[in-house]
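Working notes, structure below.
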Amino acid sequence: DVLDPERLIQCPLVKHHLIRARRFPYHLVKCKESNPEIAKKFATCPFNARHLVPWAELSDHIMKCKDKAFMEQDAASRSCQPPQEQLNNGSTWQAPPCGEDWET
């Protein structure tokens, strides 16, 4: 099950590391710090920081990444709001007049 926090995931940096899904993000940070030479060979997916892929495969991964669809849907839903509503979300707050003169 993809959503099971107890499932084991193989570390992309050190293949013999098997990590529980719930600990995977923390492991990636530590493993990158512990293995900087290996980490240099990998790129982080712009759609999901848990995806580490070799630099040579990054463009292919970006085209096929399942999380790309979620990002595009999110961006599309945000752009559907009218521009004025995006700016103030119905708020009537205005900055108070400023009586300070920094030049004097």
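The values are calculated or read from the model by the stated rules, or taken from the named source; none is laboratory data. Predicted model only: the values in this text are computed from it and were never measured. Just so you know, the surface numbers come from the protein's heavy atoms only, side chains and all, with ligands and any DNA or RNA stripped out. Shrake-Rupley method; radii C 1.70, N 1.55, O 1.52, S 1.80 Å.
For this structure, a couple of remarks:
- Phi-based couplings in Hz for the stretch 54-71 (Karplus 6.51, -1.76, 1.60; Gly and Pro marked x): x, 3, 5, 9, 4, 5, 5, 4, 4, 5, 9, 4, 5, 6, 4, 4, 5, 5
- Legend: residues Val2, Val29, sorted from most to least accessible area (1.4 Å probe; ligands, DNA and RNA excluded), read Val2, Val29.
- Extension gain for Ile9-Ala56 works out to 14.7 nm (0.36 nm per residue, less the C-alpha to C-alpha distance).
- HN-Hα J in Hz across the stretch 10-17 - Karplus 6.51, -1.76, 1.60, θ = phi - 60°, x for Gly and Pro: 7, 5, x, 8, 10, 4, 7, 7
- Surface accessible to a 1.4 Å probe, Ile62 within the full protein complex, Å²: 50
- Taking amide H positions as modeled 1.01 Å from N, with prolines and chain starts lacking one, the residues under 5 Å from Ile9 and 5 or more places away or on another chain are Ile19, Arg20, Ala21.
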